[in-house]
Amino acid sequence: MELKDQFNHGFVFRGPDLVIQFGFERQNINRIFDYSFSLGGGGKTTLDSWGFRWAINPINLSYAVNVTPASKAALFLGPALYMNYSIQNYPEMHTGHLNWMTNYSLALQILGVIPVKKKNLNIQLTTALISLVSRPETNRDPYFFSTKAADIIRNINSNLKLASSADFLRTNLSIGFNLGAKRFLAYELQYISHSGQPQFHQLSHALRYVFYFRDHGGQAK
Amino acid sequence: MKRLFPLMCLFFFAGCLLEDKALLPFESFQPTDINDGWEVSTPGSENIDETTLTQIFEDVHADEDLWQLRSLLVFRNGKLVAESYLKDAEDQTSQHAIWSCTKQVLAVLVGIALEQGHIKSIGDPISDYLEEVQNGNEDKAGITLENLLTMRSGINFNETDDSSQLLQKKPKNTLQYILNIPLINEPGEVFQYNSGNSHLIAASIQNAVGKPTDEWADDVLFSQIGFSNYNWLRYDNYTFGGWGISTTPRELARVAHLVMNRGAWNGTQLVDSLWIDQMISPHILDAGSFEEDTFTGSLQFGYHWWIQPELEAYFMSGSGGQYAVIVPAKSLVVVGFSEHDTDDDLELSSDQFLGIVGRIEDAAG
């Protein structure tokens, strides 16, 4: 994962994240409903200094409808709703401060399910259309942010602004295969860009491994 | 799957965020006249080798190890001869936290408070000015203002942890918080730099003059030297002495020139010259040393002022890399502000800035 925050003087922090996600999915040949929440984070580094990122995503909700029911390959379309908190701390570059990128987004989801031999190839694209976003103030108090949990929660939800996809872009591309009835593996590319002040960019390449507690049928993740 | 693997690799390596250059490329250090009272000049007119100075500024702008630096100004003979803003031209007039450079400003104010009789002597115990000492902190009764000025109060204020508490405004009574910290040494014995000492000085001045120190400072000093584009924080109604001033490089240079001119400003003696001499004389002979590629030398401490013997300089220093260095023998003042939230290895260090000053000093005939 790469993070480029306007507060970080043009430097890019790079490092791995580990994210754990739990959820449930209801699907049939015509519809897919998916809810999940996830927690994760990891260390990032630049200039031999460390930063840390925590990702809390309480809501990832999507509903998609098969718009090609007669076709062997299925195309699902539908809305998605996201609630994402990405909190960063850079002890040496910004002592005493938290940075964050919060978004509440309504997104469009496009999912293609293509039978390939005995497996299904899933190609999914999700992009935020309209969002409420929160970032720290550009001219922020140069002194410490409070470390109280209540203050942190208030801060990461402060100064929420409405943003179209021109101002805030959150796009996920996922390409994956089912590995039997209970497992799924995908490569995911995610790009987040907040072009307003202060700017924020995040790029991640991820491997996503899903384990289904029930047989999934291999139609979709 | 086999056919998709190369495509996945392509995606993996194709996506990368590009870093920006931390510093703007060097174009010119020609100062601009912004009608703030500073006379602008050229290096040649003030007997500074312009070619060498140009090379210094080019090197600074190109040095990735100086990415924190936001401004670099050179004054000679009371005139601004070089000025560069390495990240944002607005830094010329935007207020910037100078952190512990506030301590050096405070020390100048002590001299004025003495001269005006608000403080009788720096040998006075702080109990004469802080009633909290008489009411529950009697262990601090032996601390004098001189002990505070030389960072030898003996109060075990941890510059990292206790400063964090104050920065988060956790104690409701900042003064009481500092006075409640135990003594670790007898007053006057051990040098331990900390912002708690400075705040006790500021509070003593405030109680002595009968108004917030920042207001009184404006009356007796700032308004007299044209120091107007600033802000000074208060913590529970006390002007904070350890940090708190935000200002511009050109404004801070006024205080530096006042000190370089032994307390005189435009022909008027605003601060007793004898106090200035005491303030910049080494009272702590061994306050540290530098043995770096950028600079090698020793560090001494006066009354809240840092002294660098090898450069024959004394200077103001603030967290993150805020500096105003005075080389009186060459009538030279060099001011530099840096990103102020940095810490530890990412901070622009004193040796880095003194290395730049050393090169400028050599260029000044």
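Residue pairs whose Cβ atoms lie under 6 Å apart, separated by 6 or more positions or on different chains, with the first residue in the stretch A:33-50 and modelled with pLDDT of 95 or more and the second open to solvent by 50 Å² or more (accessible area, probe 1.4 Å) and outside any strand (DSSP E or B), are A:G42/A:P16.
If only residues of the stretch A:1-42 that are β-branched (V, I, T) and either under 19 Å from A:S193 (Cα atoms) or open to solvent by less than 70 Å² (accessible area, probe 1.4 Å) (or both) are counted, the one that is farthest from the other protein chains (Cβ to nearest Cβ) is A:I32. Within the stretch B:152-173, the residues that satisfy the criterion of being modelled with pLDDT under 95, of a type outside the set (D, E, K, R) and closer than 17 Å to B:A202 by Cβ are B:S163, B:L166, B:L167, B:P171, B:N173.
Would you mind stating whether A:A128 is within 25 Å of A:V12 (Cα to Cα) and either assigned to a loop (DSSP other than H, G, I, E, B) or touching a residue at least 12 places away in the same chain (Cβ under 8 Å) (or both)? In short, yes. Here the stretch A:193-212 is the region considered, the condition is being among the aromatic types (F, W, Y) and under 17 Å from A:S38 (Cα atoms), and the residue that is most open to solvent (accessible area, probe 1.4 Å) is A:Y209.
Could we say that A:G112 is over 26 Å from A:A163 (Cβ atoms), not in a loop (DSSP other than H, G, I, E, B) and not acidic (D, E) here?
Values: over 26 Å from A:A163 (Cβ atoms): yes; not in a loop (DSSP other than H, G, I, E, B): yes; not acidic (D, E): yes.
Yes.
Going through (1) surrounded by fewer than 17 Cβ atoms within 10 Å (Cβ to Cβ); (2) away from chain B (no Cβ under 14 Å); (3) not polar (S, T, N, Q) one by one, A:A64 falls short only on (1).
When A:I152 is tested against (1) without any contact (Cβ under 8 Å) to a residue 60 or more places away in the chain; (2) surrounded by fewer than 18 Cβ atoms within 10 Å (Cβ to Cβ); (3) under 27 Å from A:F22 (Cβ atoms), only condition (1) is not met.
Go through A:T102, A:T95 for me and flag whichever is of a type in the set (V, I, T), buried (at least 20 other Cβ atoms within 10 Å of the Cβ) and not in a strand (DSSP E or B). Full working, then the answer.
On the way: A:T102 fails: not in a strand (DSSP E or B).
Testing whether each residue is of a type in the set (V, I, T), buried (at least 20 other Cβ atoms within 10 Å of the Cβ) and not in a strand (DSSP E or B) leaves just A:T95.
Taken over the stretch A:79-123, the criterion of being on the phi > 0 side of the Ramachandran plot and either charged (D, E, K, R) or at pLDDT 90 or above (or both) is satisfied by A:K117 alone. Residues that are open to solvent by 20 Å² or more (accessible area, probe 1.4 Å) and assigned to a strand (DSSP E or B) within the stretch B:223-245 comprise B:Y230, B:N231, B:R234, B:Y238, listed in sequence order.
Are there any pairs, at least 6 apart or on different chains, whose C-beta atoms fall under 8 Å, with the first in the stretch B:148-160 and of a type in the set (D, E, K, R) and the second assigned to a loop (DSSP other than H, G, I, E, B) and open to solvent by less than 10 Å² (accessible area, probe 1.4 Å), and if so, which? The qualifying pairs are B:E159/B:N194. Can you name the residue in the stretch A:181-192 that is part of a strand (DSSP E or B) and surrounded by fewer than 16 Cβ atoms within 10 Å (Cβ to Cβ) and is also farthest from the other protein chains (Cβ to nearest Cβ) among such residues? Filtering the stretch A:181-192 for residues that are part of a strand (DSSP E or B) and surrounded by fewer than 16 Cβ atoms within 10 Å (Cβ to Cβ), the one farthest from the other protein chains (Cβ to nearest Cβ) comes out as A:R183.
Answer yes or no: is there a residue in the stretch B:231-248 that is at positive phi and more than 20 Å from the chain's Cα centre (by Cα).
Initially, the stretch B:231-248 is screened for residues at positive phi, giving B:236-237, B:244.
Narrowing further to those that are more than 20 Å from the chain's Cα centre (by Cα): B:236-237.
So far as the stretch B:231-248 goes, yes, one or more of its residues are at positive phi and more than 20 Å from the chain's Cα centre (by Cα).
Report the residue count in the stretch A:79-110 for those that are hydroxyl-bearing (S, T, Y) and either free of Cβ contacts under 8 Å to residues at least 24 places away in the same chain or touching an Asp or Glu at 6+ places or on another chain (Cβ under 9 Å) (or both).
Matching residues across the stretch A:79-110 total 2.
Taking helices (runs of 4 or more DSSP H) as the structural unit, those lying wholly within the stretch B:104-217 and holding at least 1 residues that are within 20 Å of B:I284 (Cα to Cα) and open to solvent by less than 20 Å² (accessible area, probe 1.4 Å) correspond to B:145-149, B:195-209.
When the stretch A:124-149 is limited to residues that are among the small types (G, A, S) and open to solvent by 30 Å² or more (accessible area, probe 1.4 Å), the one that is modelled with the highest pLDDT turns out to be A:A149. The residues of the stretch B:151-189 that are closer than 24 Å to B:W305 by Cβ, of a type in the set (S, T, N, Q) and away from every other protein chain (no Cβ under 14 Å), listed by number, are B:S153, B:N156, B:N158, B:N185.
Could you check the stretch B:316-365 and list, in sequence order, the residues that are without any contact (Cβ under 8 Å) to a residue 24 or more places away in the chain and surrounded by 19 or more Cβ atoms within 10 Å (Cβ to Cβ)? Residue satisfying the conditions is B:D341 alone. Looking across the stretch A:1-42, the residues that are in contact with a Pro (Cβ under 8 Å, 6 or more places away or on another chain) and not hydrophobic (A, V, I, L, M, F, W, C) come down to A:D5, A:Q6, A:N30, A:G42.
Yes or no: the stretch A:43-56 includes at least one residue that is more than 14 Å from chain B (Cβ to nearest Cβ), of a type in the set (A, V, I, L, M) and assigned to a strand (DSSP E or B). Yes, the stretch A:43-56 contains at least one residue that is more than 14 Å from chain B (Cβ to nearest Cβ), of a type in the set (A, V, I, L, M) and assigned to a strand (DSSP E or B).
To keep it simple, each residue is scored yes or no on (1) within 14 Å of chain B (Cβ to nearest Cβ); (2) more than 30 Å from B:W67 (Cα to Cα).
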residue: A:A73; (1), (2): no, yes
residue: A:I87; (1), (2): no, no
residue: A:L111; (1), (2): no, yes
residue: A:N122; (1), (2): yes, yes
residue: A:L132; (1), (2): no, yes
residue: A:I156; (1), (2): no, no
residue: A:L179; (1), (2): yes, yes
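The values are calculated or read from the model by the stated rules, or taken from the named source; none is laboratory data. Note that this is a predicted model, so its numbers are computed, not measured. Note that each Cβ is placed from the backbone with ideal geometry, even for glycine, and that neighbours are counted across all protein chains shown. Side chains are part of the model used for accessible areas, which takes the heavy atoms of the whole protein and leaves out ligands, DNA and RNA. Shrake-Rupley method; radii C 1.70, N 1.55, O 1.52, S 1.80 Å.
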